[in-house]
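The values are calculated or read from the model by the stated rules, or taken from the named source; none is laboratory data. Note that the structure is a prediction, hence the values are computed from the model and not measured. As a convention, Cβ positions derive from the backbone with ideal geometry for all residues, glycine included, and neighbour counts pool all protein chains shown. SASA here: full protein model, heavy atoms, side chains in, ligands and nucleic acids out. Shrake-Rupley method; radii C 1.70, N 1.55, O 1.52, S 1.80 Å.
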Amino acid sequence: MFDYLIDNRPVSGRQKVMFGLCLLVLIIDGLDAALLAFASPVLLAEWHISKARLAPALAMSLIGMAGGATFGGMIGDRFGCRRVLVAVVALFALTTLASAAVGSVSQLIVLRFLSGVGFGIAVPTAMALASEWSPRKLRGQLILLMSVGPMVGGTLGGLLAAWLIPAFGWRSIFIVSGGITLLSAVLSAIYLPESLVFLIRNARQQEALAWVRRIFGDIAADPTGAERLPLDTSSASAGARLFSLANLRVNVGLWIGFFSVSYAAFAYICWTPTFLVGGGFNLESAIRSTSVYTFSAVLGVLICAVLLPRAGSRGLIWLSIATTAAATIALPSLLTHSATAITTVNVAMVLAGFGGGMSQSTIYAIAATAYPATYRATALGVCVGISRAGGIISALGGGVLLEASNVLFFAIIACMLVVGLVALAVMNRHIGSTAAVARRGMI
């Protein structure tokens, strides 16, 4: 691999373009997750169907994402991240465009599942490719900032839906989203580099060197020695190395953390309007409070990007999850005091969103740095798949818990957060602060 070159050269313009395209993939992922939810009120009226009948189509995208992410990273490690990423983004574009022409729920279910599989594969593959071409000192921050993509995508989806659907109907949002995705697939085919690990493992050194020259320009004819670190040539598969005993502690910590934090985030995103309306809020106030949560989550990611190199990941995990848990515990009692409910609930939503965004982005950054490049896409894929599983269970089970009581709904979220905090706190691979790294270098 050309680790020395990547770590010791300034970030080039081509690297920035590549990072931007990988971020675009994650933004489209967030946009896709919200498409049918935004279109459903109009679709229900047009097709004269019940919410229960449409529910499988709403869940199918998440199910496809969970399955695609779990196995997608392995596909990227085996066949090359660039090739896989371009193919699955193009697949998603076609299935999204086709969704605009459906005439039944069954057709929509199939297409939403295929779309979900495509982006389930794309997300860990994009993160792995970006992290491989990123300097080691910036890798955690880069992945952390990329994790804001789905949140930005969901926000853009709402803006597009509010403009397009009233003017052109619910099918228009699938056409526009599919067109954007198709354009991103074309740009990815032109500008994305291939994984150097994949090329060198498959004895394609000259092709790897050609990509390095495209990204960095003038380099030695054949980098050797310190410029070219030895590649892990183990014959074991990526899956076997990921599930080895050496990774047991980090795997368990990350998987529990991803599941728990995702469960909490989806509980807030999916069910905030419902529990606020049930607590006496009008619909407009409930929607605004949901927006407060998502905006605060984005803010938490951005602040985390600044704090991560200074504080390290372990401290940020404690701060972020504890903040979300405290807000979660307080919310049931705040909903019972109508006179001050709007202000106090919004303060709690700010804290929950801020902590949720910070914790999710920090976990992604840890995962991107905890595993070697030789099976990083596989590792990230499993992490994203487990994260989606937490979201699916939260989305499907939240309504049942709310039917029982608000207290039970929030108690389960708080318990999940505590379990996730413990698992991540005792994990053995964290991102150290710059001061701690410097002290280790002096010893």
Over the range 279-412, with every protein chain in place, what whole percent of the accessible area is carbon and sulfur at 1.4 Å, could you tell me? 72 percent
Excluding ligands, DNA and RNA, the carbon-plus-sulfur percentage of the accessible area of the range 1-86 with a 1.4 Å probe reads 67 percent
Taking only the C-alpha atoms, wrap a convex hull around the range 1-66 and report its volume per residue in Å³ as a whole number. 110 Å³
With axes computed from alpha carbons, what is the tilt in degrees of helix 283-311 against the longest principal axis of the chain, rounded to the nearest 10 within 0 to 90? 20 degrees
Each residue of the range 121-127 in order: what ³J(HN,Hα) in whole Hz does its phi give by Karplus 6.51 cos²θ - 1.76 cosθ + 1.60, θ = phi - 60°, with x for Gly and Pro? 6, 5, 4, x, 5, 5, 5
Sorted by accessible area (1.4 Å probe), largest first, how do C415, C304 line up? C415, C304
Whole number in Å², please: accessible area per residue of the range 79-156, 1.4 Å probe, ligands, DNA and RNA not counted. 31 Å²
Based solely on its DSSP helices, what 222 nm [θ] is calculated for the chain when runs of n ≥ 4 H residues each add -39,500 (n - 2.57) and the sum is averaged over all residues, nearest 500 deg cm²/dmol? -28000 deg cm²/dmol
If you plug each phi of the range 268-281 into the Karplus form 6.51 cos²θ - 1.76 cosθ + 1.60 with θ = phi - 60°, what whole-Hz ³J(HN,Hα) values come out, in order, with x for Gly and Pro? 5, 5, 7, 10, 4, x, 5, 6, 6, 4, x, x, x, 6
Treat the chain as a sphere of radius equal to its Kirkwood radius over Cα pairs and apply Stokes-Einstein at 37 °C in a medium of 0.692 mPa s; give the translational diffusion coefficient in µm²/s, rounded to a whole number. 147 µm²/s
Determine the distance separating the Cα centre of the range 1-45 from the Cα centre of the range 67-99; give it in Å without decimals. 13 Å
Among V292, N428, I317, whose Cα lies farthest out toward the positive end of the dipole of the range 280-431, if unit charges sit on the beta carbon of Lys, Arg (+1) and Asp, Glu (-1)? N428
Amide H neighbours of V148 at under 5 Å, excluding residues fewer than 5 places away on the same chain, with H built from the backbone geometry, are none
What percentages, rounded to whole numbers, describe P(r) for the range 310-378 computed over all alpha carbon pairs with 10 Å bin width beginning at zero? 20, 36, 24, 14, 6, 1
For the range 256-384, what is the largest minus smallest coordinate of the Cα atoms on each principal axis, given in angstrom and ordered from greatest to least? 55, 28, 21
